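The values are calculated or read from the model by the stated rules, or taken from the named source; none is laboratory data. No experiment lies behind these values; they were computed from the predicted model shown. Here the Cβ is made from the backbone with ideal geometry for all residues, glycine too, and neighbour counts use every protein chain on show.
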Amino acid sequence: MLCAHLKMMTLYSHTDYDFFGPKVGFDVFRFEDGLIVEHWDNLAVKSEQANPSGRTQLDGPVDSEHAASTHANKTLTEAFVQSVLVNGEFNKLDTFIDEDNYLQHNVAIADGLSGLGEAIAAMAEQGISMVYTKVHKVLGEGNFVLTISEGTFAGEPTSYYDLFRLLHGKIVEHWDVLETIAPESEWKNHNGKFGNL
């Protein structure tokens, strides 16, 4: 999956890596004068197993459609992430997600809102919290929207890259890559995980 966001001169990709072992990732590139001048990413170990609904981290459609809906889809997706994931307004899930057709690619979550609810309940039973605190960037083209957010997972500072596919004004498919943010003392540069986004 490659999507250009020309207004911001950026491009993002959803990638199958062999980078110190099998990984899946999202990359965001900023261009100036046709050359890459800045890069952000999230990488995670690639799962050998499908999720409970038989989907992998990388399968599903890859071609964007309905370019005219880009702005509306970005607006709806940002509202979903802010309302539901950041503010915890889970009662609004069906406002944004097509419950009957929601496909999930996270390795631990099954399709449908019921699959999402079961995964959240299972994490809560294990004392694991998934917290979103800030949306840093929303990129999109047509029916695909990528959000880049910050928060914590199991108490660790985390970067969330979530890719959504939309249809008829609802979210119908989701891919994600979570990555723990290294302590600043381990950074190789001073740009930060979300710098200049």
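Kindly indicate the residue of the range 148-194 that is assigned to a loop (DSSP other than H, G, I, E, B) and in contact (Cβ under 8 Å) with a residue 12 or more places away in the chain and also nearest to residue 73 (Cα to Cα) among those meeting that condition.
Taking the candidates together, the pick is 169.
Does residue 145 satisfy the criteria of being in a loop (DSSP other than H, G, I, E, B), among the β-branched types (Val, Ile, Thr) and in contact (Cβ under 8 Å) with a residue 40 or more places away in the chain? Spell out the reasoning first.
Working: in a loop (DSSP other than H, G, I, E, B): no; among the β-branched types (Val, Ile, Thr): yes; in contact (Cβ under 8 Å) with a residue 40 or more places away in the chain: yes.
Judged against the criteria, residue 145 is not a match.
Return the residues of the range 101-130 that are of a type in the set (D, E, K, R) and either at pLDDT 95 or above or closer than 14 Å to residue 174 by Cα (or both); say none if nothing qualifies.
If the condition is that a residue be of a type in the set (D, E, K, R) and either at pLDDT 95 or above or closer than 14 Å to residue 174 by Cα (or both), then 111 is the only one that fits.
Given (1) closer than 21 Å to residue 116 by Cα; (2) in contact with a Leu (Cβ under 9 Å, 6 or more places away or on another chain), identify the lone condition not met by residue 16.
Going through the list (1) closer than 21 Å to residue 116 by Cα; (2) in contact with a Leu (Cβ under 9 Å, 6 or more places away or on another chain), residue 16 breaks only (1).
Taking the conditions exactly as written (more than 28 Å from residue 111 (Cβ to Cβ) and among the basic types (Lys, Arg)), does residue 55 satisfy them or not?
Criteria not met by residue 55.
When you look at residue 128, is it farther than 17 Å from residue 57 by Cβ and among the β-branched types (Val, Ile, Thr), yes or no?
yes
Take residues that are at pLDDT 95 or above, in contact with a Phe, Trp or Tyr (Cβ under 9 Å, 6 or more places away or on another chain) and on the phi < 0 side of the Ramachandran plot and tell me which of the strands (runs of 3 or more DSSP E) falling wholly in the range 1-90 contain 1 or more.
22-32, 35-45
Which is at pLDDT 95 or above and in contact with a Cys (Cβ under 8 Å, 6 or more places away or on another chain), of 178, 146, 163, 167?
Of the residues listed, the single one that is at pLDDT 95 or above and in contact with a Cys (Cβ under 8 Å, 6 or more places away or on another chain) is 146.
I want to confirm something. Restricting to the range 140-161 and keeping residues that are of a type in the set (Val, Ile, Thr) and buried (at least 22 other Cβ atoms within 10 Å of the Cβ), which single residue is farthest from the chain's Cα centre (by Cα)?
Looking at the filtered set, the residue picked out is 145.
It is to be established whether one or more residues within the range 116-139 are loosely packed, with under 15 Cβ neighbours inside 10 Å and farther than 24 Å from residue 52 by Cβ.
Yes, the range 116-139 has at least one match.
Those residues that are of a type outside the set (D, E, K, R), in contact with a His (Cβ under 9 Å, 6 or more places away or on another chain) and buried (at least 20 other Cβ atoms within 10 Å of the Cβ), I need them from the range 162-173; list them, please.
Listed by number, the residues that qualify are 163, 164, 166.
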